[in-house]
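Accompanying notes for the structure given below.
The values are calculated or read from the model by the stated rules, or taken from the named source; none is laboratory data. None of the values given here were measured: they were computed from a predicted structure. Positions of Cβ are backbone-derived with ideal geometry, glycine not excepted, and every protein chain shown enters the neighbour counts.
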Ligand code: G4P
Ligand code: NA
Ligand code: NA
C-alpha cells in the first residue's frame, strides 16, 4: 500500500536490533486518516470473506483494529496480556515468547467473545517473528472459530514470521513488507 510505504520512508527511523520506529503515525501518535485508508484496503482484500469479528492484541494493535472494524461493521476483541480483575469466567490462554523483551507472557481472551460460529480476521500493527500472531491463532483454534486470516500494517519480511505462516496455508495480508533495512535505508518487497 503506497501511502503507508511513503510514510514509513519519510517518518520511519531504523533503530538497532532490527527495530523500525514509526511512533509519529502508528505506535504513539496515530494518524486516523491513514488507519482509515488501511481499513478500506483490507476490506477490499477480504471483500469475499464473511467476517464476524476482529481479534487483536493489546496495546498497539487496538487502535488500528478499531478503525479497520468500521469497514467490516463487526466488533473488536483484544487479547489481554496481564491478569485483570475485569477478566472473569472461562478464558482461552496461550503463551507468547517476545524476542523484543526476551520473555514469555500469557495472552487471554474470554470464551464469551469468540465462539465456533465466528469467522475471525486478526489485525495487528507489526509482524516480525510472528509469535504474537501464532498465539492469537492458537486461541482461535481452541475456540473452534474459523480463521479467515490476518491483516497487518507493517511486516518485517526478513524476520520470517509471515512467510512461515503463509507456508502453513494461512492468509497473511501485510500492507507494507520491509524486505531489508539499515541505517538510512528501507527496502520493500516487490
Ligand atoms: P513477534 O510477535 O513478531 O514475535 O515479535 P515480538 O514478540 O518480538 O514483538 C514484541 C513487540 O514489539 C510487539 O509489541 C510488536 O508489535 C513490536 N514490534 C516488533 N518489531 C517491531 C518494530 O520493528 N517496530 C515497532 N515499532 N514495533 C515492533 P508489544 O511489545 O507486544 O507491545 P505493544 O506495543 O503492542 O503494547
Ligand atoms: Na507494538
Ligand atoms: Na502489536
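The set of residues from the range 1-18 being assigned to a loop (DSSP other than H, G, I, E, B) and surrounded by 14 or more Cβ atoms within 10 Å (Cβ to Cβ) comprises 1, 12, 18. Entry remark, the range 51-61: residues being assigned to a strand (DSSP E or B) and within 16 Å of ligand 1 (Cβ to nearest atom) number 4 in total. The residue that is farthest from the chain's Cα centre (by Cα), among those in the range 92-111 that are more than 16 Å from ligand 2 (Cβ to nearest atom) and crowded, with 18+ Cβ neighbours inside 10 Å, is 92. Tally the residues that are in a strand (DSSP E or B) and farther than 20 Å from residue 44 by Cα, restricting the search to the range 137-183. Residues that pass the stated criteria total 6.
Criterion first (within 24 Å of residue 37 (Cα to Cα), touching a strand residue (DSSP E or B) at 6+ places or on another chain (Cβ under 6 Å) and more than 16 Å from ligand 2 (Cβ to nearest atom)) does residue 122 satisfy it? For residue 122, the condition - within 24 Å of residue 37 (Cα to Cα), touching a strand residue (DSSP E or B) at 6+ places or on another chain (Cβ under 6 Å) and more than 16 Å from ligand 2 (Cβ to nearest atom) - is not met. The residue that is farthest from ligand 3 (Cβ to nearest atom), among those in the range 19-50 that are assigned to a loop (DSSP other than H, G, I, E, B) and in contact with a helix residue (DSSP H, G or I) (Cβ under 7 Å, 6 or more places away or on another chain), is 24.
Among the residues making up the range 138-171, those that are within 12 Å of ligand 1 (Cβ to nearest atom) and either within 23 Å of residue 115 (Cβ to Cβ) or in contact with a strand residue (DSSP E or B) (Cβ under 7 Å, 6 or more places away or on another chain) (or both) are 150, 152, 153, 154, 155, 156, 157, 158, 161, 162, 165.
Considered as a group, the residues in the range 20-46 that are within 14 Å of ligand 1 (Cβ to nearest atom) and closer than 18 Å to residue 62 by Cβ include one that is surrounded by the most Cβ atoms within 10 Å (Cβ to Cβ), and that residue is 26. Just the residues that are at pLDDT 95 or above, surrounded by fewer than 16 Cβ atoms within 10 Å (Cβ to Cβ) and assigned to a loop (DSSP other than H, G, I, E, B), please, taken from the range 62-87. Selection gives 73, 75.
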